[in-house]
Amino acid sequence: MKNEVVVTSYGIVSSIGMNVSEFEKNLFAGKSGIRSIRGAPMSESIIAQDFPVPYAAYIAREELPATQIYAGKDRKKILKSWLMTEAATREALTGVPKNLHVDAIVFGTADGVSYEQVESTLKNKGLPEDFDYHSIRSESSLTTVRDVATHMGFNHVADKDLVSLNSACATGNQTIGIAYEGIKAGRWTRAIVGGVDARCEPSNFLNFFLLGALTTAEVPPETASRPFAKDRTGFVRGEGAAVLVLETRAEAEKRGAKILGVVSGYGCTSDAFRLTDGRDDASSVQEAMKVALRTANMGTEKIDYINAHGTSTPLNDRLETMAIKKVFGERAYKIPVSSIKSQIGHSTIAASAIEAVASLLMLQQQRISPTMNYHVPDPECDLDYVPNKTREAPVTHVLSNSFGFGGQNTCVVFSKA
């Protein structure tokens, strides 16, 4: 197939693993990265004991791998998203020959000035010593990817196509899709893609809390995220980063690279309906799945597993289930569907980039990670959600769904190498 797009490398930082090996082990073990945040230091604040949001799948600075491009600088003065991006990028590029031509970096980031930083600035009547002025650059994490690549010897990356984007929860898949389309069209032969989200901070929690999207149930943290279960009450905020290297199969085979999986198809639609919600009939979500299958030149019978968006909100899980049934018909009941957000929460910008790595691991291991905390079935969510335990299963093609605020929908088909 002309310009077939493959994945040859990846790196990850998540609440259940600071690298791919740890992430893989804990993913299939059903381990949770969600923990209590009350009394925990975050951003420039310490979460109060009566804070309305009780838990998150956050990553503490001290848990992150040692930095190299920021070596010698005070880690407390560096955006956590930069540290996370560096770690994931370094892992993704380790072992990749330095003389390779990289055409583009397509990266999702939500870096910005937080309420806590602004408040601190006002209190100090000027920039405090630990205020990171680079945080006002929306492209900063993308720049970090480039800086890490340059630091590791990929000097030719500096002047290539750099695409920074934020399409909410759909971002990670969109970075993969943009690179997929660029490589298929012959514009690029190789691209670095992915996303990062490190916004577990009080103002961000409160934004989602006031929207009614976060669960605040007083339950053990590891049981709080309950995708598709009847007793789900909202999502759990998470953090993470994932970086992948995409290239043509011809280029990968020429250099003898191990192919970790194939990007077979991509679909992207927009509801243009409401700031936070998609359409009640999930028509645009259905279309995104159909477009992904069409570009992959596959019928619905080819999909062996669906990596669900599965946020654990009452609305999303019901609409996603309905959309899957409308696209796949009766076969929907025979396809395993699961959500890793039951283990790592929802890292919004980074979510589907992390889920891409998870999907590729499932293709390689022929195992499907579970939907944890699924104990009370919902009559409106009646598919096979792989409850609570990893399942051995033949998996050749995976559909990975990602649906963002504002009705931004992206779906990717991954296939076994």
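Close amide H contacts of ARG237 (hydrogens built in the peptide plane, cut-off under 5 Å, sequence separation of 5 or more or a different chain): ALA57, HIS346.
Taking Cα pairs under 8 Å and at least six residues apart, what relative contact order does the chain come out at, in percent?
Working: 1043 pairs, mean separation 99.3, N = 417.
Relative contact order, the chain: 24 percent.
Hydrodynamic estimate: the Kirkwood radius of region 5-254 over Cα pairs, inserted into Stokes-Einstein at 20 °C and 1.002 mPa s, corresponds to D of 112 µm²/s. Across region 264-415, Cα-Cα pairs more than 22 Å apart make up 32 percent of the total. Only one residue of SER140, ALA213, HIS397 has its Cα farthest out toward the positive end of the dipole of the chain, where Lys and Arg carry +1 and Asp and Glu -1 on Cβ, and that residue is HIS397. Inter-part distance, region 175-245 to region 391-417, computed on C-alpha centroids, equals 14 Å.
For region 213-224, putting each phi into the Karplus relation 6.51 cos²θ - 1.76 cosθ + 1.60 with θ = phi - 60° gives couplings of 8, 8, 7, 10, 4, 7, 10, x, x, 5, 9, 6 Hz, in residue order, rounded to whole numbers and with x for Gly and Pro. Scaling the Cα radius of gyration of region 294-358 by the globular reference 2.2 N^0.38 Å produces a ratio of 1.17.
If you take all C-alpha pairs in region 60-112, what percent of them are over 18 Å apart?
Values: 569 of 1378 pairs.
Tail of the P(r) past 18 Å holds 41 percent of the pairs.
Computed over region 2-121, relative contact order equals 29 percent, with contacts defined as Cα pairs under 8 Å that lie 6+ residues apart. Computed from the C-beta positions of LYS302 and ALA60, the FRET efficiency with R₀ = 35 Å rounds to 0.25. Dipole orientation for the chain: of the candidates ILE344, LEU244, THR109, LEU244 has the Cα lying most toward the positive pole (charges on Cβ; Lys, Arg +1; Asp, Glu -1). For the chain, hydrophobic long helices are taken as DSSP H runs at least 15 Å long by C-alpha position along their axis with mean Kyte-Doolittle hydropathy of 1.0 or more; these are 351-365. Remark: region 377-383, residue by residue, has Karplus-estimated 3J(HN,Hα) of x, 9, x, 7, 10, 10, 9 Hz, where x stands for each Gly or Pro and the curve is 6.51 cos²θ - 1.76 cosθ + 1.60 at θ = phi - 60°.
So, with +1 on the Cβ of K and R and -1 on the Cβ of D and E, and no other charges, what is the size of the charge dipole of the chain about its Cα centre, to the nearest 20 debye? Present the calculation step by step, with values, prior to reporting the outcome.
Working: 45 positive and 47 negative charges, 169 e Å.
With Lys and Arg at +1 and Asp and Glu at -1, about 820 debye.
Taking 1.002 mPa s as the viscosity and 20 °C as the temperature, the Stokes-Einstein diffusion coefficient of the chain based on its alpha-carbon Kirkwood radius rounds to 101 µm²/s. Take 84-91, 193-200 and order them by the average number of nearby Cβ atoms within 10 Å per residue, most first; the result is 193-200, 84-91.
Where a number appears in this text, it was derived from the coordinates with a stated rule and is not lab data. Please read all numbers here as calculations on a predicted model, not as lab measurements. Positions of Cβ are backbone-derived with ideal geometry, glycine not excepted, and every protein chain shown enters the neighbour counts.
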